[in-house]
Structure formats: C-alpha cells, structure tokens
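Working notes, structure below.
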Amino acid sequence: MNCPKCNKEMSPLQAGEVQAKTCLFCKGLWFDVNALEKALEQKWMPADTTPETSAEIKNTVCPECSGSLISVKTLGKPYLDTLACTICQGRWIEASEFKKLAPDSLWQKFKIWLSR
Ligand SMILES: [Zn+2]
Ligand SMILES: [Zn+2]
C-alpha cells in the first residue's frame, strides 16, 4: 500500500489499540473505517508529526481500493481535515492535524471559546 501523497510504501503502525499505516516521508496516516475514531477516542497521538516533505497531496485515489478520496470533516471534530475514501471509507490524515488535538492548541482554545 503506497502513500497517496508520496507514492512510497507505507509502514504499519500501532495506534493505541488500532492498526494504522504511516508514511515515513510525509508522516501521513491511513486508518481503516472506525479505526481513526477509535484512535482519537483513546487520545492517541503520533510520536512524530514533522513531515520531511511538505508536498501537497497529488493522488486523490485511495491506496487501499482505488476509490476516490474526498475531503471530509467528521468525527465530531470539525476542525480536523481528513480525506475519506468513497468506497472503503478509509481515512487519510496528516500527522500535523493531530496537533490540533493537543490540549494547549489554538484549536482546542477556540473550541472551548465556542462552547461558552
Ligand atoms: Zn507520504
Ligand atoms: Zn478505499
């Protein structure tokens, strides 16, 4: 399975209780349907969120099933940008997106401000 961004082979990654795949170059992550949600529930964070390449995503084809990847904001976290496959529902997420979940992030502050 190749990274939709760099087209390089992705490596398996244990994200809390779920299996994910990660690209060692752009640090992007691929999750199966529900796996991302589970990882987020468990407040899992990737150890390394600094990409070695800042390449824009070129290939919007699912690395799993060749379905189309579309931009979605779900999971009760509308500030997270993810790509979802229209066929297998797999999720692509940039490692840097996880930074928005850090308790001291601007996004969390914004969320708290919104919920007032
Ligand atoms: Zn990549
Ligand atoms: Zn797919």
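Per DSSP H run of at least 4 residues, take -39500 (n - 2.57); add these up for the chain, divide by its residues and hand me the 222 nm value, nearest 500 deg cm²/dmol.
-3500 deg cm²/dmol
Could you calculate the FRET efficiency of Ile70 with Lys99 from 1/(1 + (r/R0)^6), where r is the beta carbon distance between them and R0 is 35 Å, rounded to 0.05?
Efficiency for this residue pair is about 0.95.
Could you calculate the FRET efficiency of Glu56 with Trp107 from 1/(1 + (r/R0)^6), where r is the beta carbon distance between them and R0 is 22 Å, rounded to 0.05?
Efficiency computed from Cβ-Cβ geometry: 0.55.
Using alpha carbon coordinates only, what is the Rg to Rh ratio of the chain, with Rh defined as the Kirkwood radius?
That ratio is 0.96, to two decimals.
When N counts the residues of the stretch 1-54, how does its alpha-carbon radius of gyration compare numerically with 2.2 N^0.38 Å, as a ratio?
1.08
Since every read-out is calculated from the coordinates, none of them should be taken as a lab result. These figures come from a predicted structure and were not determined experimentally. Backbone-built Cβ (ideal geometry, glycine too); neighbour counts: all protein chains shown.
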